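Just below is one structure, and these are the notes that go with it.
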Amino acid sequence: MSEAQTIKLDAARTADFEKSVREAMGCIQAVYTAAIEAVCGGAPRAQDVGERFGIHRKLAWQVWNVAYAREPAAGVRFMPSVRGIELWHDAAVKCGLARDLLDRLLETATLFDRLVQTHARDREMLELLVEACDPVADESAELRWRKQAFTGNCFVWGVRAKVMLACAFLHPARRAGFFDMVRVQGLIGLVRTRPNVRWPFAQSVIRMDSGEERRPQREPLMASADGPMAVPLMDRFCSRPLPPVQRRIGELGLLEDELLPGPVGQTGECTVITGELLREVAPAYSPTGEMAMFGTGVRTPGELLICDQFVHRDLFAGVTRELHVYSELVSPVSRDERDRLPVSERLLHLGRGLTRVRTADVPQYGELLEFVFERTGWNADEFDVFRARLRYPPIPVSVMVRHEMPAPPPGLDLA
């Protein structure tokens, strides 16, 4: 069977699953709605269901959410247990609900169980399947699953961070048609949950769509980092004593900064912030319409990722930016749309300058940003700021700001 035939067959099976869930939950939703409105009248609240039927508020909340879910499949996560349905049925009998509706109410338990047995090993797996296939991102459902993954990953990988910070500052370079970039990377409130764990906390590679890899000149923002393979720690913003770190060249030419093993638990909590200036990173234009992607690899279990991009007003005029998140299971530099993960978060434009950028999630963030602009001599008021803020981001992924490269102005030579 060809790849195209396999993809077509998989799509058909997915459609069958979605249709099966939609039809079964549609029947259940119709029964629940009819039962509720027969006793409570039109437009009832969950509180009304509990009071009129005389059932516990949790059960009332469940049946109300099944009945009035935005679409039938969304009711899967709220389905009461078999015992819950029996309790509601008994309460409905006392309320004088019609016999045929009472029978149909009990049958919903069998219908839902058949749905679980057909498509999943258990109810939890059915909820996962339904929410993963939902074309409309449900932020609360997504966050629930990602938080579970975060907890497990902390145990598996042996570290956890309160906040991960990734900032890129883009400014026109002295060389016409190119741009310079400052990269600030940080792990804030990092705690090791297992001894003898080394941890890569920053990686970078600059690669064109053609596959060409660029190696720009790098300058640490603080003079304390000395030598081409020194980790560019911004020690003013790191915890004390300074975390033990090293820089090395990893696979695929990735430049990796690593946090070396340290003490376990809250007493060993540390914060590590790095910052460096890269000169003449890449062209700011493309005659062939290449896509520009700026972002960070996320490999640390973290409660929050803040990814800020500061773009000088003279760069990339008129482009439309989007947030893309790519799985790194196949490749750490994948930009294949098949590896793109659905996320509910969107890229926010915070305006120009530093007025709306400060956040309590990052200690001394305002001071850190002011230091970057003081060190570079750039004017913060000339920069537009874009932010992606992800709670419990999945790992391993690349979180990227993506936009089309503008065409070069006439007469500009990028060779």
Q. Does the range 76-99 contain any residue that is under 30 Å from Gln148 (Cα atoms), of a type in the set (Gly, Ala, Ser) and in contact with a Leu (Cβ under 8 Å, 6 or more places away or on another chain)?
A. yes
Q: For the range 101-121, indicate whether the set of residues that are within 27 Å of Pro393 (Cβ to Cβ), free of Cβ contacts under 8 Å to residues at least 60 places away in the same chain and surrounded by 12 or more Cβ atoms within 10 Å (Cβ to Cβ) is non-empty.
A: yes
Q. Among the listed residues Leu390, Leu412, Leu350, Leu368, which satisfies the condition of being closer than 20 Å to His171 by Cα and under 24 Å from the mean Cα position of the chain (by Cα)?
A. Leu350
Q. For the range 213-234, how many residues are within 21 Å of Leu187 (Cβ to Cβ), outside any strand (DSSP E or B) and either open to solvent by 40 Å² or more (accessible area, probe 1.4 Å) or modelled with pLDDT under 70 (or both)?
A. 3
Q) For the subset of the range 1-57 comprising residues that are at pLDDT 90 or above and among the acidic types (Asp, Glu), which member is surrounded by the most Cβ atoms within 10 Å (Cβ to Cβ)? A) Asp48
(Q) So Val399 ticks every box in (1) farther than 21 Å from Thr274 by Cβ; (2) touching a residue at least 40 places away in the same chain (Cβ under 8 Å) but one. Which box is left unticked? (A) (1)
Q: Please enumerate the residues belonging to the range 318-338 that are β-branched (Val, Ile, Thr), surrounded by fewer than 16 Cβ atoms within 10 Å (Cβ to Cβ) and touching a Pro at 6+ places or on another chain (Cβ under 9 Å).
A: Val319
Q) Could you list, in sequence order, the residues of the range 312-330 that are in a loop (DSSP other than H, G, I, E, B) and within 12 Å of Met400 (Cβ to Cβ)? A) Arg321, Glu328
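The values are calculated or read from the model by the stated rules, or taken from the named source; none is laboratory data. From a predicted model like this one, the values you see are computed outputs, not experimental measurements. In this analysis, Cβ positions are derived from the backbone assuming ideal geometry, glycine residues included, and neighbour counts consider all displayed protein chains. Note: areas computed on protein heavy atoms with side chains; ligands, DNA, RNA excluded. Shrake-Rupley method; radii C 1.70, N 1.55, O 1.52, S 1.80 Å.
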